[in-house]
Amino acid sequence: MRKTALALCTGIALLAFTAAAQAERLSIAIPSGFVPFMFEEDSEWSGFEIELWEAIAEENDWEYEYDTMNFSGIITALQTGRVDGAIAAITITSEREETMDFSHAYYDSGLMVMVREDEEAVSGIDDLDGKTLAVTTGTTSDDYAEANLPNTEITRFSRAEQAYLELRSGRVDAALHDTPNVLYYIDTAGDGEVKAVGENLEAQSYAMAFPRDSELRNAFNITLLAMMEDGRYAEIYERWFGEEPSPR
């Protein structure tokens, strides 16, 4: 009887310890893919933001797990505190700062129009009147199109890759998304069928996002700034973008 009671107590203690350990693991939201910032290859996550986050997490002894969801779901999860943070090429905007916190910016971006290679009628954002445009739901490209393109028919998708395929299939005239992702897609997966047109729109910056008043942000920023000062950030940046980062 004593052995049974002891085994039962030990089992309960072990379960409690395991639950506590699991509770201490951070839940980090990421999209299913956004090259070259995060993507899954051979069942492993890779990319610029993945590598940056993992270096900072290791230095702070943070245990974590990735929670994959579409971009609009990530924003909602941050606003409701369902996750501890998110790396998703998230643009800092005044509207988002009302409901979540951001780290220091670590990548400068913008928006770019992409069209099919044989497209001659669209050479930039001003040529989209009366055209159809694919965007990704909840992103700054969605916000920009809604605010600035009243005469353009906007089609929304949960993933950028879906918008790009819609363009390549000829069902829309153009796609609008974050400049680095558009250019990377053209260079690595566009098969010569698509091209970028016009200027880089809307100077933007990416940062890691946290729920309001997160205790993680300060530690993240301290480590990020240290990496920017000692060259580790530049090494990661150059590995993914082939050039030195802009001075910060």
Considering (1) part of a strand (DSSP E or B); (2) open to solvent by less than 20 Å² (accessible area, probe 1.4 Å); (3) closer than 27 Å to D84 by Cβ, say which one A134 fails and leave the rest. (3)
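Say whether the condition of being among the acidic types (D, E) and either within 18 Å of M228 (Cα to Cα) or open to solvent by less than 40 Å² (accessible area, probe 1.4 Å) (or both) is met by at least one residue in the range 64-72.
So in the range 64-72, the residues among the acidic types (D, E) come out as 65, 67.
Next, from what is left, pick out any that are either within 18 Å of M228 (Cα to Cα) or open to solvent by less than 40 Å² (accessible area, probe 1.4 Å) (or both): none.
Within the range 64-72, none of the residues are among the acidic types (D, E) and either within 18 Å of M228 (Cα to Cα) or open to solvent by less than 40 Å² (accessible area, probe 1.4 Å) (or both).
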For the range 138-151, check the following and say yes or no: at least one residue is surrounded by fewer than 17 Cβ atoms within 10 Å (Cβ to Cβ) and farther than 21 Å from A203 by Cα. yes
Some residue of the range 155-162 being on the phi < 0 side of the Ramachandran plot, modelled with pLDDT of 95 or more and either open to solvent by less than 30 Å² (accessible area, probe 1.4 Å) or part of a loop (DSSP other than H, G, I, E, B) (or both): no
Flag for P211 being in contact with a strand residue (DSSP E or B) (Cβ under 8 Å, 6 or more places away or on another chain), crowded, with 20+ Cβ neighbours inside 10 Å and over 30 Å from L133 (Cβ atoms): yes
Assess whether N218 counts as being polar (S, T, N, Q), open to solvent by 30 Å² or more (accessible area, probe 1.4 Å) and within 29 Å of Y64 (Cα to Cα). yes
Show the residue pairs that are 6+ apart or on different chains and have beta-carbon atoms under 8 Å apart, the first residue being within the range 141-155 and closer than 16 Å to T93 by Cα, the second being modelled with pLDDT of 95 or more and open to solvent by 80 Å² or more (accessible area, probe 1.4 Å). D142/R156
Of residues in the range 163-204 being open to solvent by less than 20 Å² (accessible area, probe 1.4 Å) and of a type in the set (S, T, Y), the one nearest to A105 (Cα to Cα): T179
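Check whether at least one residue in the range 106-116 is surrounded by fewer than 16 Cβ atoms within 10 Å (Cβ to Cβ) and either modelled with pLDDT of 95 or more or assigned to a loop (DSSP other than H, G, I, E, B) (or both), and report yes or no. Break it down into steps so the answer makes sense when it comes.
Within the range 106-116, the subset surrounded by fewer than 16 Cβ atoms within 10 Å (Cβ to Cβ) is 108.
Filter once more, so that each one left must be either modelled with pLDDT of 95 or more or assigned to a loop (DSSP other than H, G, I, E, B) (or both): none.
No, the range 106-116 has no match at all.
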Per-region count, the range 155-213, residues more than 19 Å from the chain's Cα centre (by Cα) and of a type in the set (S, T, Y): 2
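The values are calculated or read from the model by the stated rules, or taken from the named source; none is laboratory data. Note that the coordinates shown come from a computational prediction; the quantities given were computed from them, not determined experimentally. Neighbour counts are summed over all protein chains in view; Cβ atoms, including those assigned to glycine, are modelled from backbone coordinates with ideal geometry. Just the protein is used for accessible areas: all its heavy atoms, side chains included, with ligands, DNA and RNA removed. Shrake-Rupley method; radii C 1.70, N 1.55, O 1.52, S 1.80 Å.
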